[in-house]
1. Could you list all residues from region 92-117 that are more than 13 Å from the ligand (Cβ to nearest atom), of a type outside the set (Phe, Trp, Tyr) and touching a residue at least 24 places away in the same chain (Cβ under 8 Å)?
2. Given the options Glu112, Glu133, name the one that is touching a Lys or Arg at 6+ places or on another chain (Cβ under 6 Å) and either part of a helix (DSSP H, G or I) or of a type outside the set (A, V, I, L, M, F, W, C) (or both).
3. If you take the residues in region 61-91 that are in contact with a strand residue (DSSP E or B) (Cβ under 8 Å, 6 or more places away or on another chain) and away from the ligand (no atom under 15 Å from the Cβ), which one is modelled with the highest pLDDT?
4. Looking only at residues in region 21-31 that are surrounded by 13 or more Cβ atoms within 10 Å (Cβ to Cβ) and part of a helix (DSSP H, G or I), which one is farthest from the ligand (Cβ to nearest atom)?
5. Pick from Val14, Val3, Val54: which is crowded, with 17+ Cβ neighbours inside 10 Å and touching a residue at least 60 places away in the same chain (Cβ under 8 Å)?
6. Inspect all residues belonging to region 38-50 and state whether any of them is touching a helix residue (DSSP H, G or I) at 6+ places or on another chain (Cβ under 6 Å) and surrounded by fewer than 19 Cβ atoms within 10 Å (Cβ to Cβ).
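The values are calculated or read from the model by the stated rules, or taken from the named source; none is laboratory data. Keep in mind that what you see is a predicted model, and the values were worked out from it rather than measured. Cβ placement follows ideal geometry from the backbone for every residue including glycine, while neighbour counts extend to all protein chains displayed.
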Amino acid sequence: MIVRKFRPTDLKRVYEIENMSFDQSYGIKIFQELYEMGIGFLVAEVNDYVVGYVMFWLKYENQGHIISLAVDKNYRRKGYGTELLAKAISILFLISDTIYLEVRASNKGAIEFYRQFHFKQDRVVPNYYESGEDAVILYLKSQ
Ligand SMILES: CC(C)(COP(=O)(O)OP(=O)(O)OC[C@H]1O[C@@H](n2cnc3c(N)ncnc32)[C@H](O)[C@@H]1OP(=O)(O)O)[C@@H](O)C(=O)NCCC(=O)NCCS
């Protein structure tokens, strides 16, 4: 498995992974636009097949910010999410001392995943998502 920079030819595959991972999709056009804006964008690849991705703002209100992270359903619990997040964190901590992200309150699996990295809860934002669901804001400070 390798973690490498996203390439435009990965777009369809990344969108497929996002689609199977979230009820509400950003849409393929947003991915393209974010990439063109120069965000951090990495993919995990196994035998030349993209199995996951992470997107992050390098500077967002002076903090690091994870935009989206997902692993193909058939490749979860194999450590690929960990590899992607670890790489994003190491890049973000070169330029920011705090990383934020938001996650659906019902997404207990992801919250547990982030807890393994020692992310802490900052606050809950009611009705954050279009569905009316609350978001939990998590943060991680560098040592
Ligand atoms: C969250 C997600 C990215 C994790 O990816 P992954 O490759 O399965 O994660 P890893 O295999 O690296 O997991 C590392 C550890 O995190 C924890 N963890 C991961 N998924 C978990 C789950 N569903 N429930 C409980 N703990 C979980 C476990 O401790 C796991 O270690 P273990 O498998 O040895 O028990 C993946 O489940 C996913 O794509 N979910 C849908 C999209 C999403 O929710 N993204 C995050 C919100 S932005």
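1. Leu92, Ile95, Ser96, Asp97, Thr98
2. Glu133
3. This residue is Ile91.
4. Selected residue: Ile28.
5. Val3
6. Looking through region 38-50, none of the residues is touching a helix residue (DSSP H, G or I) at 6+ places or on another chain (Cβ under 6 Å) and surrounded by fewer than 19 Cβ atoms within 10 Å (Cβ to Cβ).
Residues checked against (1) part of a helix (DSSP H, G or I); (2) over 18 Å from Tyr26 (Cα atoms):
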| position | (1), (2) |
| --- | --- |
| Lys59 | no, yes |
| His65 | no, no |
| Ile89 | yes, yes |
| Ser96 | no, yes |
| Tyr100 | no, yes |
| Val103 | no, no |
| Phe117 | no, yes |
